[in-house]
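The values are calculated or read from the model by the stated rules, or taken from the named source; none is laboratory data. This one's a predicted model, so the numbers in the text were calculated from it and none came from an experiment. No Cβ is skipped: glycine too gets one built from the backbone with ideal geometry, and neighbour counts run over all protein chains shown.
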Amino acid sequence: MPRFVRKTGLWLVAAGFFLFCVSMTALPEPDHLQQTFVIALMVCAFGVCLFAFGRPAMALVVSGGLFLGLNFLSVLKLRYLDSPLMPADFIYYARSSLLETLGHYPHLWGLCLVIGVVTPLALWAVWRWDRRLLAHVTPRRAWALRAGGVALWAMAFWVCLWPNGPFAEVHARNVWEKLSDDAQITNFFVNFSDSDVRMPETGDDTAAEQEWGPTAARDPAALPRSPESYPDIVQVLEESTFNPSNFTQCNIPECRVGMFKPDARTRATGPMRVHTFGGGTWVSEFATLTGMPQDIFGPGGMYAPYVLAPHVRDSLPLQLQRLGYLTVAIYPTNGSFLNGRNAYKAYGFDEFYDAGQLGLKEWEETDKQMFDAAKRVYDKVKKPGQPVFVMILTLAQHGPHDSDPLSTLPAPFNKAPLKGLPERESLNFNTYLSNLHNSDVAMRGLEHDFLDRTQHTVIVHFGDHQPSFSGLIRDMPRTWPTEMAAHKDYLTYYMIKSNFESTALPRYPMLDIALLPSMVLQAADVPTDPYFSAAIALRTRCNGLYTDCAQPELVKSYHTWIFDRLHVYE
């Protein structure tokens, strides 16, 4: 027995550790196919390690330990930072916010120290007492077998990750499902293929120079002035917000809300074409700050805060910074949620305030609470002679809209005022209308704070996407004109107001969200750089559209100009 233990004991312990790692990483995945997917990856990783190290116990410990470590990091990130672990974290956190993050959780320093000391000692012990594979084979043949084995198992690992491979069903889910469900390890590996960024198709360089070269010329009337002559700008992203009055069955007075109605201060308003549905607020943030829709970059564009933001070289906040603005972000969640703090820094924000810094309970804030917090921050940072750009993100309309009974809503929404709607649709719509009226009251307060004063100010607010109403909203009839009906699930609204007279802004049947930044600059009557001058020209020639422009070759030429000549994304 002692001899048997000496020969096999380490292997048995290593095998037990590997099975423990399987139970901790693969089995908690919510779906059987996801569990199988992770187990297959672990087996492939074991095969690679087996031939790479040439030691069975070492391969079991390292392959199992790597997945256990991923699971450990995933749990930590979800617990402390409210977002799932992604491959990009190993680049962006290590490069930017890792030390800052650990600084907020001092006990994690001790844990890192223990792991950093214990792990190498344990691996050394396993290596020391493990037996070598292929020990009785000539060195040349052993190296050839090991290299072939590594290549074979690495290929098997890659096949498992292939979106059209044996686990295609694991990959075939929408981005919000992948970012919000409990399949942490599955989503981590699926994200490798989802994060692929493809640059948009471009046109001829000479043609691009002819088309867009004139936009780079300086207009003497638009040269930078002293910063004190520029207005403050307050921009509000109203999450999951749309104008309900174009829904056929929304025909009561409560459907015609003041925040969507133009008044004497309105500079521009109308339907806005967005590029996400039911979720994905972060891509609307990207578009409205950078002037680029995320979908021109392929599937990886849906992970804009991680994979696109670090490469942005021009944006609305960056242009305003160059003009002397202080750029401030007001954020309703933990700043690390979906890489928000890092992304906003890349977009060009000087200061970033998350829910904790604002003294608010994240995910629970009303619009009024967010606007009041923004005003407090504004009053603190505003200096004489320096204009301020404030970006406010709200979450009051975040779904679901059917989690509470109708009876819990305030009157009149607790009595199902929309007639003829089925019960589930009625609950969703009435919850939305109730929240919308709260937002409307808060918006009037924001306008009072910033427009009812002598300081020149522009206020912009818009809806980032429609809520899904648990998948029901797509089938609800609407009254859009025929030419807009194809985009019915991707239409929200935008509103631009100011308390000073300036050049009239154009109005469009629908405005692409990526072209909103150029509208904001025009509303503020501030100079535009060559990038935004070209964006204004594109908006004019495409009648407010971008990817849906009736001149696709013009859009290709535009991409040639902004990417190859202006280098707005590198």
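All but one of (1) surrounded by fewer than 18 Cβ atoms within 10 Å (Cβ to Cβ); (2) modelled with pLDDT under 80; (3) in contact with a Leu (Cβ under 7 Å, 6 or more places away or on another chain) hold for residue 80, so report the exception by its number.
Among (1) surrounded by fewer than 18 Cβ atoms within 10 Å (Cβ to Cβ); (2) modelled with pLDDT under 80; (3) in contact with a Leu (Cβ under 7 Å, 6 or more places away or on another chain), the lone unmet condition for residue 80 is (3).
What about residue 467, is it surrounded by fewer than 22 Cβ atoms within 10 Å (Cβ to Cβ) and modelled with pLDDT of 90 or more?
Spelling it out, it is not the case that residue 467 is surrounded by fewer than 22 Cβ atoms within 10 Å (Cβ to Cβ) and modelled with pLDDT of 90 or more.
Can you name the number of the only condition in (1) at negative phi; (2) in contact with an Asp or Glu (Cβ under 9 Å, 6 or more places away or on another chain); (3) part of a loop (DSSP other than H, G, I, E, B) that residue 385 fails?
Residue 385 satisfies every listed condition except (1).
Quick one: how many residues across region 326-343 are hydroxyl-bearing (Ser, Thr, Tyr) and more than 14 Å from residue 235 (Cα to Cα)?
2
Of the conditions (1) within 19 Å of residue 468 (Cβ to Cβ); (2) surrounded by fewer than 20 Cβ atoms within 10 Å (Cβ to Cβ), residue 274 fails just one. Which one is it?
Here residue 274 clears every test but (2).
Return yes when residue 457 is more than 21 Å from residue 243 (Cα to Cα), surrounded by 20 or more Cβ atoms within 10 Å (Cβ to Cβ) and in the same structural domain as residue 261 (by TED's automatic domain parsing) and no when it is not.
Answer is yes for this residue.
Please go through region 188-222 and pick out each residue that is within 16 Å of residue 301 (Cα to Cα), modelled with pLDDT of 85 or more and buried (at least 18 other Cβ atoms within 10 Å of the Cβ). It would help to see each step written out before you state the result.
Here is the first cut: in region 188-222, the ones within 16 Å of residue 301 (Cα to Cα) are 190-201.
Narrowing further to those that are modelled with pLDDT of 85 or more: 198-201.
Across region 188-222, the qualifying residue is only 200.
With region 310-358 as the region, which helices (runs of 4 or more DSSP H) entirely inside it contain at least 3 residues that are surrounded by 19 or more Cβ atoms within 10 Å (Cβ to Cβ) and in contact (Cβ under 8 Å) with a residue 24 or more places away in the chain?
Helices (runs of 4 or more DSSP H) meeting the threshold: 316-322, 340-347.
Can you list the helices (runs of 4 or more DSSP H) lying wholly within region 498-570 that have 3 or more residues being without any contact (Cβ under 8 Å) to a residue 60 or more places away in the chain?
530-541
Out of all the residues in region 388-421, which are assigned to a loop (DSSP other than H, G, I, E, B) and among the hydrophobic types (A, V, I, L, M, F, W, C)? Break it down into steps so the answer makes sense when it comes.
So in region 388-421, the residues assigned to a loop (DSSP other than H, G, I, E, B) come out as 394-405, 409-412, 416-421.
Of everything in region 388-421, those that are assigned to a loop (DSSP other than H, G, I, E, B) and among the hydrophobic types (A, V, I, L, M, F, W, C) turn out to be 395, 396, 409, 411, 416, 418, 421.
Examine region 28-35 for a residue that is part of a helix (DSSP H, G or I), over 15 Å from residue 184 (Cβ atoms) and either at pLDDT 95 or above or touching a Pro at 6+ places or on another chain (Cβ under 8 Å) (or both), and state whether such a residue exists.
Scanning region 28-35 turns up no residue that is part of a helix (DSSP H, G or I), over 15 Å from residue 184 (Cβ atoms) and either at pLDDT 95 or above or touching a Pro at 6+ places or on another chain (Cβ under 8 Å) (or both).
Within the set of pairs 6+ apart or on separate chains, which have a first residue in region 118-134 that is at positive phi, a second that is of a type in the set (A, V, I, L, M), and C-beta atoms under 9 Å apart?
The qualifying pairs are 134/142; 134/145.
Can you name the condition, by its number, that residue 266 falls short on among (1) under 12 Å from the mean Cα position of the chain (by Cα); (2) surrounded by fewer than 21 Cβ atoms within 10 Å (Cβ to Cβ)?
It fails just one condition, (1).
Residue under question is residue 469, and the condition is that it be in contact (Cβ under 8 Å) with a residue 24 or more places away in the chain, assigned by TED's automatic domain parsing to the domain that holds residue 276, of a type in the set (A, V, I, L, M, F, W, C) and assigned to a loop (DSSP other than H, G, I, E, B); does it hold?
No: the conditions fail for residue 469.
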